[in-house]
Amino acid sequence: MQFDRLMVWLARAGVVAPREAWLAQAESPAAPELRGSGSWASDWTVTRGALERARSLARPGHKRKTDPTPCDAIPEGSIRVRPLMSARDLKLHNWIADRLEAEAPICSLHAGVALPAFLTATTSHEDSDPLRGLVADLLIVDEHGRPVAALLRDNTAEPARHLMLLDALLDADVPIIDIPARPGLAALWDEIARVLPTG
């Protein structure tokens, strides 16, 4: 039922075609061949119509309550994709995620989570947020979205920033688990298992 409401909303927003259009296309003899799940990724990218609507809202003549940045502040072609994790870190992430699925299915694992996504600073100001730029390498959360533990690698390049990261997590009582340079998986899982919710 919720999925149907979501599809109706997406059709009204112009992101997907209405259900009737899908049915008509499926019943037509020239219906496209079935595709693998990965091929649908391009269908869910920002459509031209949605992009034009966003640009029209960002034009100077349109009244906006937030973000006075002009709509073309980022030059086209200046943004590139970079890996969220190295191949080694991805293997570790997948190993922990598999163990969580088997032993603590109410928990999930997230990579590269900015601290302001799950912590708030009561002393922060718009121009001096103490959490800005601080990122947990891996974060385990429970079924309510609350942090269970943050897994961190040593930031030898910026030790002062790493100290601020540790200080913020300690102040918020978020358990911290060190990821050694060469982690022993059994010992690492023992550390994780200690902080997982029971029952």
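Assorted remarks:
- Against the criterion of being open to solvent by less than 20 Å² (accessible area, probe 1.4 Å), within 16 Å of residue 96 (Cα to Cα) and modelled with pLDDT under 95, residue 179 qualifies.
- Test: residue in the stretch 62-75 that is open to solvent by 70 Å² or more (accessible area, probe 1.4 Å), acidic (Asp, Glu) and modelled with pLDDT under 85: yes
- Residues of the stretch 139-174 that turn out to be under 14 Å from residue 196 (Cβ atoms), among the charged types (D, E, K, R) and surrounded by 14 or more Cβ atoms within 10 Å (Cβ to Cβ), as a count: 1
- Looking only at the stretch 100-138, and only at residues there that are open to solvent by 50 Å² or more (accessible area, probe 1.4 Å) and part of a strand (DSSP E or B), the one that is farthest from residue 185 (Cα to Cα): 125
- Matching residues in the stretch 123-172 - criterion: being of a type in the set (Lys, Arg) and under 22 Å from residue 89 (Cβ atoms): 153, 161
- If you check 161, 153 for being of a type outside the set (A, V, I, L, M), touching a residue at least 12 places away in the same chain (Cβ under 8 Å) and in contact with an Asp or Glu (Cβ under 6 Å, 6 or more places away or on another chain), only one passes: 153.
- Any chance residue 186 is modelled with pLDDT of 95 or more and among the small types (Gly, Ala, Ser): no
- Some residue of the stretch 146-159 being in contact with a Pro (Cβ under 8 Å, 6 or more places away or on another chain), more than 25 Å from residue 189 (Cα to Cα) and modelled with pLDDT under 95: no
The values are calculated or read from the model by the stated rules, or taken from the named source; none is laboratory data. Being a predicted model, the structure only gives us computed values, none of them experimental. Glycine also receives a Cβ, built like all others from the backbone with ideal geometry; neighbour counts cover every protein chain displayed. For the accessible areas, the whole protein counts, side chains as well, though only heavy atoms, and no ligand, DNA or RNA atoms are used. Shrake-Rupley method; radii C 1.70, N 1.55, O 1.52, S 1.80 Å.
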